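First comes the structure, then the notes that go with it.
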Protein chains: 2
Amino acid sequence: MFALPQTVSSPAIPSALRASRTGLAENLACQAQRAATADTLQLLVQTLQPQKRLVRAGDVIYRAGDAFDCLYILNSGLVKIVKLTSDGREQVVGLKFRGDWLGFDGIARVGYGCDAVAMDTGEVWAIRYDALLSSYGRHPSLLTTLHEAMSREISRDRESLMSVCTLPADARVANFLHDWAQSLGARGLRTDQITLRMTRAEIGNYLGLTLESVSRALSKLAREEMISFVEKGRREVRIPDLDALADFVQRALGAERGVLQ
Amino acid sequence: MFALPQTVSSPAIPSALRASRTGLAENLACQAQRAATADTLQLLVQTLQPQKRLVRAGDVIYRAGDAFDCLYILNSGLVKIVKLTSDGREQVVGLKFRGDWLGFDGIARVGYGCDAVAMDTGEVWAIRYDALLSSYGRHPSLLTTLHEAMSREISRDRESLMSVCTLPADARVANFLHDWAQSLGARGLRTDQITLRMTRAEIGNYLGLTLESVSRALSKLAREEMISFVEKGRREVRIPDLDALADFVQRALGAERGVLQ
DNA sequence: CGTTCGATTGAGGAAGATCAATTAATGTGG
DNA sequence: CCACATTAATTGATCTTCCTCAATCGAACG
């Protein structure tokens with residue numbers, strides 16, 4: 001179909017970092033994808049009539065152990081996915097934005113494996129999994145959309161792991177902000193301003209850092225003018241130049257391993 | 001369907017750690033699941049006639065950027081999933097055992113997002129994604145099996161992230177061995193002996209540690225008789241008591257955060 | 001207006017990385 | 001089959017990063 005050199009720089013590997021450099025191609029891809037999902041979402045609404053639910057910050061969409069019936073699509077708002085262990089460890093394992101699906105981990109089990117908690121007012125659509133399956137005959141695209149959403153989630157999770165495993169604290173935070181802005185951009189929103197609807201502790205938890213480390217990293221980023229805080233409240237972050245943020249990650253990496261390799 | 005207290009200790013959250021404690025229920029679940037997959041796998045072979053391929057250690061099954069056509073099922077052997085970034089970082093983001101599916105990350109893209117490299121002789125079955133989709137009318141169970149495999153992968157990835165984010169080095173290595181043994185157990189193999197077909201550097205990469213830290217952790221585990229090395233070669237690990245390993249993880253955790261909570 | 005919660009910043013300490021030396025296993029060519 | 005080269009693993013010493021603990025500050029809320 002499409003033979004590319006199988007190298008790291010292949011366009012088929014749009015790592016978060018590369019994405020902002022290959023701006024044009026990337027944006028076109030995003031546009032295309034958004035259009036596709038917009039169509040499919042409309043179809044989905046018509047066909048399956050999802051149960052819509054308004055949520056506010058703190059509302060629980062589902063909890064680990066709840067019986068699995070439905071997948072959810074986040075129509076607006078922000079949701080965190082939290083995993084708990086019996087020994088009391090708690091881990092934010094994912095953040096969901098508009099258009100993201102929730103609850104995939106329930107398919108292979110009796111119930112969901114994590115809690116999904118809204119971090120902002122928003123709307124989620126509940127879609128019965130069995131209804132989705134049985135719609136395949138009429139609308140095969142619904143199922144391929146599902147697959148693509150699951151596939152994307154797997155890719156994202158791997159990037160999280162990579163970030164946590166390979167980046168020092170500052171770069172991890174910078175990369176986090178970059179990813180977030182990128183996510184907004186992919187949804188047609190402005191990428192130069194983020195409202196972090198989570199505490200430093202939650203960010204730290206997600207990134208495998210303490211809240212102090214997150215705070216220090218943010219301060220450093222502000223000092224180096226990679227970001228700035230919007231007046232009143234330190235949860236509103238301005239990012240004048242996304243590419244500069246990506247470069248910051250690279251520099252933090254270069255400092256550690258001597259510029260090359 | 002099934003109303004459980006939505007607490008951490010819900011049976012629907014079989015974290016790797018809990019699993020060895022809830023031995024009986026867990027094993028039954030595994031048996032059932034293996035039986036189910038065995039049936040479905042047979043059906044899959046009959047219906048889709050997957051292309052079978054023998055691989056040897058080092059063989060590449062697919063590479064990041066390769067055009068996506070097929071999903072793969074690993075019939076035997078061991079495969080690592082490796083992600084590369086343009087800046088030269090390399091990360092082992094997954095290990096695949098018998099029965100695992102490979103290549104989900106390709107569904108939502110033009111090509112695969114990672115390399116899949118065999119670490120041992122084995123056999124992989126290539127299944128054309130379009131063929132799989134179009135089989136739904138005749139054999140819906142094939143597609144639900146696909147979903148379950150993807151769902152399980154998402155759950156596993158989250159556990160990896162959790163391990164990396166919340167466990168200290170020693171516990172991370174112990175947990176890694178525990179998970180591995182558990183994986184073998186779930187496939188009906190003995191859980192008291194593991195042949196690590198990877199170097200310390202690869203293990204470290206997967207766990208976000210240096211090879212030295214992995215080596216030290218293994219030495220410590222051996223010193224405390226949680227594991228022992230089989231004569232000739234330090235890649236053969238005996239695990240006399242899986243539960244003891246899980247306890248080791250707990251102790252390492254308790255030491256850090258004062259026994260309770 | 002005080003209380004509470006979150007964020008910032010500093011000082012000290014600990015876990016793990018880095019650097020370096022040694023040993024063990026594996027492979028190669030004579 | 002053995003000497004040699006090569007790669008992997010171990011172990012120790014030192015150094016860095018990040019965590020922990022603590023104090024202060026700011027915002028939000030009742």
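Computed from the coordinates by the stated procedures, all read-outs in this text should not be read as laboratory data. Treat the numbers as computed from the prediction; the structure is a model and nothing was measured. For neighbour counting, all protein chains shown are included, and Cβ atoms are generated from backbone atoms with ideal geometry for every residue, glycine included.
Some points to look at:
- Net charge of Cβ neighbours under 14 Å - reference B:Tyr72; Lys, Arg +1; Asp, Glu -1: -1
- Inter-centroid distance (Cα atoms) of the stretch B:66-131 relative to the stretch A:58-102, Å: 27
- Ranked from shortest, the separations from the 7 Å Cα-to-Cβ label point of A:Thr195 to its equivalents in the other copies are 5.8 nm.
- Take each residue of peptide B:100-106, count the partner chain Cβ atoms within 10 Å of its Cβ, and average: the result is 3.
- Long-range amide H partners of A:Ile61 with built H, under 5 Å: A:Ala116, A:Val117, A:Ala118
- Couplings 3J(HN,Hα) of the stretch A:192-199, computed from phi: 9, 8, 10, 9, 6, 8, 9, 6 Hz, in residue order, whole Hz [Karplus 6.51 cos²θ - 1.76 cosθ + 1.60, θ = phi - 60°; x for Gly and Pro].
- Inter-copy spacing of B:Thr210 label points, which lie 7 Å from Cα along Cα→Cβ, given in nm from shortest upward: 2.1
- Equivalent ellipsoid dimensions for the stretch A:178-219 as semi-axes, Å, which come from the Cα gyration tensor, largest first: 22, 10, 8
- Measuring r between the beta carbons of A:Ala57 and A:Arg234 and using R0 = 22 Å, the FRET efficiency lands at 0.80.
- Sites listed here are trypsin sites (Lys or Arg not before Pro) in the stretch B:174-247 whose DSSP assignment is loop and whose Cβ has at most 10 other Cβ atoms within 10 Å: B:Arg190, B:Lys232.
- Set the Cα radius of gyration of the stretch A:122-180 against 2.2 N^0.38 Å, with N its number of residues, and you get 1.63.
- Here each label is just a point 7 Å from Cα along the line to Cβ, and for A:Gln46 and B:Glu123 those points are 4.7 nm apart.
- Cα-Cα separations in the stretch B:130-261 greater than 20 Å, expressed as whole percent: 53
- Area projected by the alpha carbon convex hull of the stretch B:34-159, averaged over all directions, nm²: 7.7
- Ranked by the mean number of other Cβ atoms within 10 Å of their residues, highest first, the peptides A:155-162, A:247-254 fall in the order A:155-162, A:247-254.
- For peptide A:90-97, the mean count of partner chain Cβ atoms within 10 Å of a residue's Cβ comes to 3.
- Legend: mean number of C-beta atoms from other chains within 10 angstrom of residue C-beta atoms, peptide A:141-151, equals 5.
- Charge sum, other residues only, whose C-beta stays under 10 Å from B:Leu102's C-beta, Lys/Arg counted +1 and Asp/Glu -1: -2
- Where labels lie 7 Å past Cα in the beta-carbon direction, separation of B:Arg187 and B:Asp241 in nm: 2.8
- Averaging the Cα positions of each part gives two centres, and for the stretch B:173-240 and the stretch A:176-246 these lie 38 Å apart.
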